[in-house]
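Comments concern the structure below.
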Amino acid sequence: MFGTEAKPRLSVFRSALHIYVQVIADDMQRTLTEASTLSQDLRGSLGPLKKVDQAKEVGKLVSKRLQDMGISQVVFDRGRFLYHGRVRALAEAVREAGLKF
């Protein structure tokens, strides 16, 4: 997988407690933006939510940040994680917010 500045790579990592997303432009070797369940924008509002719902909120946040940057398409990199559960919820939230894979 390879992301460009126009169509960056959206890389997902999940641990037992948190989910992390980085948006990477591989051609520039730079991370454009990131979001996670530990982000300052989400920290207070995620407490009572289940992990799948937390992943949806992270997806909405990262897609909002990308749209503010003028990016409408990404390459989805789920890494070694199956497209199931939190990874799927994050991907669907990104799509619902208007980004295309």
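The values are calculated or read from the model by the stated rules, or taken from the named source; none is laboratory data. Note that the structure is predicted; figures quoted are calculated from it, not measured. So basically every Cβ, Gly included, is an ideal-geometry build from the backbone, and we count neighbours across all protein chains shown. Only protein heavy atoms, including side chains, enter the accessible area calculation; ligands, DNA and RNA are left aside. Shrake-Rupley method; radii C 1.70, N 1.55, O 1.52, S 1.80 Å.
How high is the FRET efficiency from Leu82 to Asp53, r the C-beta distance, R0 22 Å, rounded to 0.05?
0.70
In nanometres, what is the gap between the two model label sites at Gln29 and Ala6, each 7 Å from Cα along Cα-to-Cβ?
So the label points at Gln29 and Ala6 sit 2.3 nm apart.
Between helix 51-68 and the chain, what is the angle of the helix's C-alpha long axis to the longest principal axis, kept within 0 to 90° and rounded to the nearest 10?
For helix 51-68, the angle is close to 30 degrees.
For the chain, what % of the accessible area comes from carbon and sulfur atoms, probe 1.4 Å?
About 49 percent, which is the carbon plus sulfur part of the accessible surface.
How much accessible area per residue does the chain have, counting only protein heavy atoms and a probe of 1.4 Å, in square angstrom?
Value for the chain: 58 Å² per residue.
Provide, for the chain, the number of lysine pairs with alpha carbons under 15 Å apart, each pair being eight or more places apart or on different chains.
Lysine pairs meeting both conditions in the chain amount to 5.
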